[in-house]
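Each remark here refers to the structure printed beneath this line.
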Amino acid sequence: MMQSGPEDIVLKIIGDLAIGSDGIDSQVLADQCGLDHQILVDTVLKSLIAREVLTASPKAHQSVQLTSEGEKYCTDGSPEVIVFQKIAASPDQALKMEELEELVGKDLTKLGMQNALKNKWIGLEKSTKMLTCKVESVQDHVQEMLKNVQHLNDADMKVLKQRKLIVIKTFKTFEVTRGEHFSTTLKETAAELTAEMLSTGSWSSV
């Protein structure tokens, strides 16, 4: 999307707010104008708020993001399912621990075994270190949750957070509404604002 100039942005805000009394989310506005959110806030919005053309109320949001490990599980599958699949694909559905380590590595073997044993998908004969399948097939619920991470319930979120597969990040936007000096005939303000930004260099740094 082509980046809009300050005058275009001012006129867009005025036009959008003139249509209805509902506010505009600053992130939505930044996306529509092809502009970084913080730059929009620090330049156009801050100037219009100072002129009391607009008011802005902060809004807190939360975003769920996958960790690097979460991204790997989302792509490759969870360790417990990988471990189960390797054992299931072996002769007689049995595999020695050292053989599994050669196939997937020690770290994945350790983590995958731990969860697969907990889920009672596999069994371990301690004397021989032989791993065997206890069920015919499994479903990778962890991978499914990671692929639908924005639509999880609290219980699923807790599971993924405990396994350090997701992080919750908080960010702030603004609900932009009409100010005391708002008017639909603010073309002069738009032009003045553009000239001011260009003269001070605040927009040239964008």
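The values are calculated or read from the model by the stated rules, or taken from the named source; none is laboratory data. Bear in mind the structure is a predicted one, so any value in this text is a computation, not a measurement. Please note: Cβ atoms are built from the backbone with ideal geometry, for glycine as well, and neighbour counts cover all protein chains shown.
Structural remarks
- Scanning region 83-112 for residues that are surrounded by 21 or more Cβ atoms within 10 Å (Cβ to Cβ) and part of a helix (DSSP H, G or I) yields VAL83, PHE84, ILE87, LEU100, THR109, GLY112.
- Of note, VAL135 satisfies the criterion of being part of a loop (DSSP other than H, G, I, E, B), touching a residue at least 12 places away in the same chain (Cβ under 8 Å) and not charged (D, E, K, R).
- Scanning region 5-22 turns up no residue that is modelled with pLDDT of 90 or more, part of a helix (DSSP H, G or I), farther than 27 Å from LEU165 by Cα and in contact with a Phe, Trp or Tyr (Cβ under 6 Å, 6 or more places away or on another chain).
- Members of region 55-72 found to be farther than 30 Å from LEU108 by Cβ and either at pLDDT below 90 or not hydrophobic (A, V, I, L, M, F, W, C) (or both), listed by number: THR55, SER57, PRO58, LYS59, HIS61, GLN62
- Yes/no for LYS72 being touching a strand residue (DSSP E or B) at 6+ places or on another chain (Cβ under 8 Å) and either within 21 Å of VAL167 (Cβ to Cβ) or assigned to a helix (DSSP H, G or I) (or both): no
- Filter result (free of Cβ contacts under 8 Å to residues at least 60 places away in the same chain, hydrophobic (A, V, I, L, M, F, W, C) and under 20 Å from LEU146 (Cα atoms)) within region 70-112: ILE82, VAL83, PHE84, LEU108, LEU111
- If the condition is being in contact with a helix residue (DSSP H, G or I) (Cβ under 9 Å, 6 or more places away or on another chain) and not acidic (Asp, Glu), then region 31-45 contributes GLN32, CYS33, LEU35, HIS37, GLN38, ILE39, LEU40, VAL41, THR43, VAL44, LEU45.
- Close contacts from region 164-185, counting a first residue that is on the phi > 0 side of the Ramachandran plot and a second that is surrounded by 13 or more Cβ atoms within 10 Å (Cβ to Cβ) and not in a strand (DSSP E or B), with Cβ to Cβ under 7 Å and a gap of 6+ residues or different chains, come to LYS164/THR67; LYS164/GLU69.
- Checked against the criterion of being free of Cβ contacts under 8 Å to residues at least 60 places away in the same chain, farther than 30 Å from VAL104 by Cβ and surrounded by 14 or more Cβ atoms within 10 Å (Cβ to Cβ), the candidates GLN38, GLN27, GLN32 yield just one match: GLN32.
- Evaluated against (1) within 30 Å of THR55 (Cβ to Cβ); (2) modelled with pLDDT of 95 or more, LEU146 falls short on exactly one condition, (1).
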